[in-house]
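The values are calculated or read from the model by the stated rules, or taken from the named source; none is laboratory data. The model shown is predicted, which means the values in this text are computed figures rather than measured ones. Note that we place each Cβ from the backbone using ideal geometry, even for glycine, and neighbour counts take in every protein chain shown. These accessible areas exclude ligands, DNA and RNA; they are computed on the full protein's heavy atoms, side chains included. Shrake-Rupley method; radii C 1.70, N 1.55, O 1.52, S 1.80 Å.
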Amino acid sequence: MTAASAEQRGEPIVSVRDLQVRFQTSDRRATVKAVDGVNFDVRRGETFGIIGESGSGKTTIGRALVFLLNPSAGAILHDGIDPLALSRREFQSHRRDYQIIFQDPNAALNPRMTILASVLEPLELARVGSRTERERQAREALERVGLPQEFGERYPHQLSGGQKQRVVIARALTLKPKLIVCDEVVAALDMSIRGDVLNLFADLQRDLGLTYVFITHDLAVVSHISERVAVMYLGQFVELGPTEEVAERPLHPYTIALLSAEPRPLPSSMRQESRIVLQGEVPSPIDPPSGCRFRTRCPHAQPLCTERVPEWRELKPDHWVACHFADRPNFSPN
Amino acid sequence: MGEGQLAQRKSEVAREGARPLLSVRGLGIRFKTTQGIWQATRRIDFDIAPGERVGIVGESGCGKTITGLSILRLLPGNFAGLDGKILFDGVDLASCSARQMRAIRGKRIAMIFQEPMSALDPVFTVGHQIAETLRVHSNVGEEEARARTLEMLRRVGIASPERRIDDYPHQLSGGMRQRVMIAASLICGPQLLIADEPTTALDVTVQAQILELLRDISETSKTALMLITHDLGVVAETCTRMITMYAGEVIEDATVDEALVRPLHPYTSGLLRSLPHLSPRHGRLPSIPGRVPSITEMPAGCRFRARCAHAAKGCEAEQKLQDAGGGRKVRCWRFAELNLPGALHPPDTSASARVARQ
Ligand SMILES: Nc1ncnc2c1ncn2[C@@H]1O[C@H](COP(=O)(O)OP(=O)(O)O)[C@@H](O)[C@H]1O
Ligand SMILES: Nc1ncnc2c1ncn2[C@@H]1O[C@H](COP(=O)(O)OP(=O)(O)O)[C@@H](O)[C@H]1O
Ligand code: SF4
Ligand code: SF4
Ligand SMILES: [Mg+2]
Ligand SMILES: [Mg+2]
């Protein structure tokens, strides 16, 4: 690693400030506050995990980070600059540095295009180099994700799920991005293959200096791959910190409940005696609860939690939480 | 003695003692496709004791769903033949008439699926559907059916069931629909509930609620549970015994604790090792190369051979599901000499792995 990049490592590559994203419901009668006031930095070279149940706003954040949708309020800075302030042309070339990959490779690949043609497509749209140069880059990307040469001539239906996801990764790599948002990228893969793809992400990060925002509902996956993790609930972050801290010394009652709910493949002698089973389901983001949004399911809720929104505070170095009582020691069941 | 150990002891006692509730012997299913007739599952042997909770695990395509469906004889249209016996309480379901099967299905054996919408009819209220199941199988009046439906909805954890009973399925959340489906499946008090990936589409906090419900119902009503899932954590939390399937066959059968700590089959061990753990490690995850063969390309001999790190001369022979002692079974002739790691294999020391990443 060169001195310059060593210095840069850990600097924010993305800064998110008071991000809000709102949607109209399909009948246009109500507003969904899909993301409602989120703050964080993604540091260069890290894997930043975002965990939360479905509907909590993870995908919406991911899409906003790569400007597939525009914030309703707040700001997203890439390397300190606001991409929305760029000219159209500058914006088009800038956004190549920030890619996103989704769960379903079938949705990302055209069934009538060969694998090579699919991987070439972004290069062609961006008019990078000559035709032979583009083809060289596409083949190189396929090789990087561990697909043999002859796969270039095949069609998506001839590949397994894991292989197709590799093609999608290759496609994102061709434009040499700095950051990739990975949204549930291993959720659709079988267990025995998931490990392979996670290993590939780790290898690519090491070799290419990539930064990842890794979005998943799977606690074990996020613990495995990320250095820091944010826990989302109903459009907001409730906790953010180093993965080890969050997984082993969680501060927020929701994080504690999530960890407790995770079924673990451990023999009975090693499993927790009692688990916290949260009551009810996540309320609607159209009309979230007042005060702390988790209060309708929180086993520790107090009158104050209805009245006041908990502050987002750094309770321990680098470890943030939004709960009025997170500094009280009796939250954890252990 | 912990709760889990106690449950395990009970299940061992149950297995050795009473006649099994379900006894599957040599079960195989064939399908017709445009390329001919293919064997999807074969030589499936297992027992489920009354009230026992058994997990059926394996990756997708291993034959778990087909096995569940064949017990109820709910096979797809291109079904081309069934071999073997399915003894349920002494009756061979494989040779029952369609009428006899209708009397068993829903009453003595019930099944729930990953997507409750596929089993619930969108044009009827949930109350109507549950009550209907009851009225088909027993001679109860409308009023009593409604009363019992309300009670069952309450039992499966639906708050204010009086308000929900006249809702249509689309008005309910995913977790709520799964509860309704469980209520419908349990209303006739079946002896066996087959649950095919019942929590796969649900969030983890709702999954925990549903698994607790299934466990609780099986304990209080002595309903046996056959829980089909790809998630080994779900089996560990819910079941006492684990049957692993690979490429249409049963390859291991053991108590959950034995299978997790000391798996005997290389496939079971590989699955356990490939799981990321909650305690952050950041090391490389072991994986199993290759993939589950499709029904048209089943290899001869041990079906796991092409992916097995322990394949040796001798593995090209057909493998029998053999007795491994202590009530365990395994389909691998090398099991005694292989000392395979389970879920508790020593994790990569995270510090050194992390340095390697930088
Ligand atoms: N295009 C859209 N129109 C209306 N509502 C949307 C749209 N996209 C997402 N939502 C809503 O925003 C909330 C957050 O969704 P999403 O970001 O997809 O959550 P997650 O990825 O955590 O499951 C949900 O309530 C979802 O229904
Ligand atoms: N109707 C069918 N016709 C042909 N093959 C089928 C049919 N249904 C399932 N199969 C095949 O049988 C095998 C087992 O399928 P299934 O029981 O659904 O597996 P699992 O539930 O373990 O994922 C798979 O290879 C699948 O492709
Ligand atoms: S602020 Fe109150 S309701 Fe919210 S998480 Fe903390 S204790 Fe629970
Ligand atoms: S029989 Fe041979 S190839 Fe098959 S699982 Fe055992 S060791 Fe592996
Ligand atoms: Mg999403
Ligand atoms: Mg299945």
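Ordered by solvent-accessible area of protein heavy atoms (1.4 Å probe), largest first, the residues A:Ser26, A:Ser274 come out as A:Ser26, A:Ser274. For A:Ile50, the amide hydrogen comes within under 5 Å of the amide hydrogens of A:Phe214, A:Ile215, A:Thr216, A:Ala230, counting only partners 5 or more places away or on other chains and with H modelled in the peptide plane.
Between A:Asn106 and B:Tyr168, the modelled label-to-label distance comes to 2.8 nm, taking each label 7 Å out from Cα in the direction of the beta carbon. Applying the criteria of a DSSP loop state and at most 16 other Cβ atoms within 10 Å to the trypsin sites (Lys or Arg not before Pro) of segment A:153-227 yields A:Arg154.
Averaged over its residues, segment B:59-149 has an accessible area of 49 Å² per residue, based on protein heavy atoms and a 1.4 Å probe. Note that segment B:294-303 has calculated 3J(HN,Hα) couplings of 7, 5, 8, 10, 5, x, 7, x, 5, 6 Hz, one per residue in order, obtained from phi through the Karplus relation 6.51 cos²θ - 1.76 cosθ + 1.60 (θ = phi - 60°); glycine and proline are x. The slack in the chain from B:Arg135 to B:Arg99, taken as 0.36 nm per residue of separation less the alpha-carbon distance, amounts to 11.3 nm. Between A:Arg249 and A:Glu143, the simple label model (points 7 Å from Cα in the Cβ direction) yields a spacing of 4.7 nm. Peptide packing for B:112-120, B:315-323 was compared via the average number of neighbouring C-beta atoms within 10 Å per residue; ordered from the highest value, the list is B:112-120, B:315-323.
Remark: for residue pairs A:Lys33/A:Lys178; A:Lys58/A:Lys164; B:Lys64/B:Lys320, the C-alpha separation exceeds 25 Å in A:Lys33/A:Lys178. The ellipsoid equivalent to the alpha-carbon distribution of chain B has semi-axes of 36, 25, 20 angstrom, derived from the gyration tensor eigenvalues as √(5λ) and listed largest first. Max-minus-min Cα coordinates of segment A:252-303 on each principal axis give 42, 22, 16 Å, with the largest extent listed first.
For segment B:75-229, the convex hull spanned by the alpha carbon atoms encloses 130 Å³ per residue. The eigenvalues of the Cα gyration tensor, multiplied by 5 and square-rooted, give segment A:1-122 an equivalent ellipsoid with semi-axes of 25, 23, 16 Å from largest to smallest.
Inter-chain neighbour count for B:198-204: the average number of beta-carbon atoms from partner chains within 10 Å of each residue's beta-carbon is 4.
Oblate is the label for segment A:211-253, because a/c, from the alpha-carbon gyration tensor with a ≥ b ≥ c as root eigenvalues, is 1.5 or above and a/b does not exceed b/c.
Of all the Cα-Cα pairs you can form in the protein assembly as shown, what percent are over 48 Å apart? More than 48 Å apart: 19 percent of the Cα pairs in the protein assembly as shown. Estimated purely from DSSP H runs of n ≥ 4, each contributing -39500 (n - 2.57), the mean residue ellipticity at 222 nm for chain B is -10000 deg cm²/dmol once divided by its residues. Antiparallel beta bridges, as assigned by DSSP with both residues in the protein assembly as shown, represent about 60 percent of the total such bridges.
B:Lys329 exposes around 70 Å² of accessible area when a 1.4 Å probe is run over every protein chain in place. Pairs of Cα atoms in segment B:162-318 fall into 10 Å distance bins, from 0 up to the last occupied one, in shares of 9, 30, 31, 20, 9, 2, 0 percent.
Each of the GluC sites (Glu not before Pro) that DSSP puts in a loop and that has at most 10 other Cβ atoms within 10 Å breaks chain A; the longest unbroken stretch is A:1-272. Our helix-only sum for chain A, with -39,500 (n - 2.57) per DSSP H run of n ≥ 4 divided by its residues, gives a mean residue ellipticity at 222 nm of -9000 deg cm²/dmol. Distance distribution note for segment A:104-156: the fraction of Cα pairs above 18 angstrom is 29%. Pairwise Cα distances in chain A exceed 34 Å in 29 percent of cases. What you get for chain B, charging only the Cβ of Lys and Arg (+1) and of Asp and Glu (-1), is a dipole of about 780 debye around the Cα centre. Note on A:219-227: average number of Cβ atoms from other chains within 10 Å of each residue's Cβ is 5.
Helix B:204-221 axis versus longest C-alpha principal axis of chain B: approximately 70°, rounded to the nearest ten.
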